[in-house]
Amino acid sequence: MAKRPYSQYQKNAISQYYNNLDTIMLQKLSELVTELYLAETPAKKDRLWQRAHKAMKNLKIPPKIIEHIIAKKDAEILAKNLKDWLAKSHK
């Protein structure tokens, strides 16, 4: 099956997505913080922490910071770091 080339509209949409990937990942991470605060079961929290870990890796957060946050598994620590990352992204 031959691949069809993308239309100009599709190319622009793909380009915009990758240009805004950091903003998208920060938004997903902020949603995860909310979900972590509300999660009731340990299994749910574990799944959310796995997603948070992946999001931080996609944001290219230094591994030492990621390790610290994941080791503590404290949503408040993640929220404080996220606040700093959001402030840096808006500059």
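Throughout, read-outs are computed from the coordinates displayed, never taken from laboratory work. Because the structure is predicted, anything quoted here is derived from the model rather than measured. Every residue, glycine as well, gets a Cβ built from its backbone with ideal geometry; the counts of neighbours run over all protein chains shown.
As a check on your grasp of the helix formula, calculate [θ] at 222 nm for the chain: sum -39500 (n - 2.57) over DSSP H runs of n ≥ 4, divide by the residue count, round to the nearest 500.
-25500 deg cm²/dmol
Select from Leu26, Pro62, Leu38 the residue farthest towards the positive end of the dipole of the range 22-89; place +1 on Cβ of Lys and Arg, -1 on Cβ of Asp and Glu, and compute about the Cα centre.
The residue sitting farthest along the positive end of the dipole is Pro62.
What are the GluC sites (Glu not before Pro) within the range 1-71 that DSSP puts in a loop, where the Cβ has at most 13 other Cβ atoms within 10 Å?
Working: sites: Glu31, Glu35, Glu40, Glu67; in loops: Glu40.
Counting only loop positions with at most 13 other Cβ atoms within 10 Å, the GluC sites (Glu not before Pro) in the range 1-71 are Glu40.
Averaging over every viewing direction, what projected area does the convex hull of the Cα atoms of the chain cover, in nm²?
Average of the hull's projected areas for the chain equals 8.5 nm².
Of the chymotrypsin sites (Phe, Trp or Tyr not before Pro) in the chain, which ones lie in a loop per DSSP and count no more than 14 other C-beta atoms within 10 Å?
Tyr6
To the nearest 20 debye, what charge dipole does the range 22-89 have about its Cα centre, counting +1 at the Cβ of each Lys and Arg and -1 at the Cβ of each Asp and Glu?
220 debye
Listing Leu26, Leu38, Leu82 from the residue with the fewest other Cβ atoms within 10 Å to the one with the most, what is the order?
With the sparsest Cβ surroundings first, the list reads Leu38, Leu26, Leu82.
For Lys64, Lys57, which order do you get if you count the other beta carbons within 10 Å of each Cβ and list the fewest first? If you can, show how the numbers build up before the last one.
On the way: Lys64 8, Lys57 12.
The fewest-first ordering by Cβ neighbours comes to Lys64, Lys57.
Given contacts defined as C-alpha pairs under 8 Å and at least six residues apart, what's the relative contact order of the range 22-89, whole-number percent?
43 percent
Any of Lys28/Lys57; Lys3/Lys57; Lys3/Lys54; Lys3/Lys60; Lys11/Lys54; Lys44/Lys88 with alpha carbons more than 24 Å apart? Name them for me.
Distance filter (> 24 Å) returns Lys3/Lys57; Lys3/Lys54; Lys3/Lys60; Lys11/Lys54; Lys44/Lys88.
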